């Protein structure tokens, strides 16, 4: 499954994406081997379940995952527009890196990405996105509200996560994505 978390700056996109990544490992997909990400996830790194890659390394790893058929991984791509930007010209390497990414469900892989509202991502990745989540973090009430837009059926509902700041310890929200 490919899940996109889109919103404005400081809306809670990365917070939501890393919560989903943790849930994939501990709750939803117990067979997940680990999380490959371009953000550091200390809680998962402590038990050896997180693999950090910079943007170029993550792009290469995703290409290898698709090419070699890696199974049962969660891939978290923060600021996907920097890794796989929308383009108005042909980029053969970028297309090759993403070709076949829609087969991720057959392989038990979950891909989660974050993107800023108004900034598009590569059309292959956008087209394969099954669910779009739009978060909004309210610092005063410490609530992360999430609107769920299912790729097949439209808006599926709105959900709230109270005490969302308890998850801040699981990643460094101020670290640059490179």
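What pairs can you find where one residue is in region 140-158 and at positive phi and at pLDDT 90 or above, the other is surrounded by fewer than 16 Cβ atoms within 10 Å (Cβ to Cβ) and not in a loop (DSSP other than H, G, I, E, B), and their Cβ atoms are less than 9 Å apart, with a gap of 6+ or different chains?
Listed by first residue and then by second, the contacts come to 142/162; 142/165; 142/166.
Among the residues of region 34-56, are any closer than 19 Å to residue 126 by Cα and surrounded by fewer than 21 Cβ atoms within 10 Å (Cβ to Cβ)?
Yes.
Would you mind finding the one in 121, 110 that is surrounded by 21 or more Cβ atoms within 10 Å (Cβ to Cβ), closer than 26 Å to residue 167 by Cβ, at pLDDT below 85 and within 17 Å of the chain's Cα centre (by Cα)? Spell out how you get there, then give the answer.
On the way: 110 fails: at pLDDT below 85.
The unique qualifying residue is 121.
How many residues does region 43-57 contain that are modelled with pLDDT under 80 and within 17 Å of residue 94 (Cβ to Cβ)? Steps first, answer last, please.
Looking only at region 43-57, we keep the residues that are modelled with pLDDT under 80, and these are 43-49.
After this cut, where a residue has to be within 17 Å of residue 94 (Cβ to Cβ) as well, the list is none.
Going through region 43-57 one residue at a time, the tally reaches 0.
Being touching a helix residue (DSSP H, G or I) at 6+ places or on another chain (Cβ under 7 Å) and under 15 Å from residue 114 (Cα atoms) is the requirement here; does residue 9 meet it?
Details: touching a helix residue (DSSP H, G or I) at 6+ places or on another chain (Cβ under 7 Å): no; under 15 Å from residue 114 (Cα atoms): yes.
In short, no.
In this structure, is residue 12 surrounded by 22 or more Cβ atoms within 10 Å (Cβ to Cβ), under 23 Å from residue 120 (Cβ atoms) and modelled with pLDDT of 85 or more? Please lay out each step first, then the result.
On the way: surrounded by 22 or more Cβ atoms within 10 Å (Cβ to Cβ): yes; under 23 Å from residue 120 (Cβ atoms): yes; modelled with pLDDT of 85 or more: yes.
Considered against the rule, which asks whether it is surrounded by 22 or more Cβ atoms within 10 Å (Cβ to Cβ), under 23 Å from residue 120 (Cβ atoms) and modelled with pLDDT of 85 or more, residue 12 comes out as yes.
Quick one: is residue 103 at pLDDT below 85, in a helix (DSSP H, G or I) and within 13 Å of residue 2 (Cα to Cα)? Walk me through it before giving the result.
Details: at pLDDT below 85: yes; in a helix (DSSP H, G or I): yes; within 13 Å of residue 2 (Cα to Cα): yes.
For residue 103, the condition - at pLDDT below 85, in a helix (DSSP H, G or I) and within 13 Å of residue 2 (Cα to Cα) - is met.
Which of (1) buried (at least 16 other Cβ atoms within 10 Å of the Cβ); (2) assigned to a loop (DSSP other than H, G, I, E, B) is the odd one out, the single condition residue 133 does not satisfy?
So residue 133 meets the others, but not (2).
The values are calculated or read from the model by the stated rules, or taken from the named source; none is laboratory data. From a predicted model like this one, the values you see are computed outputs, not experimental measurements. So basically every Cβ, Gly included, is an ideal-geometry build from the backbone, and we count neighbours across all protein chains shown.
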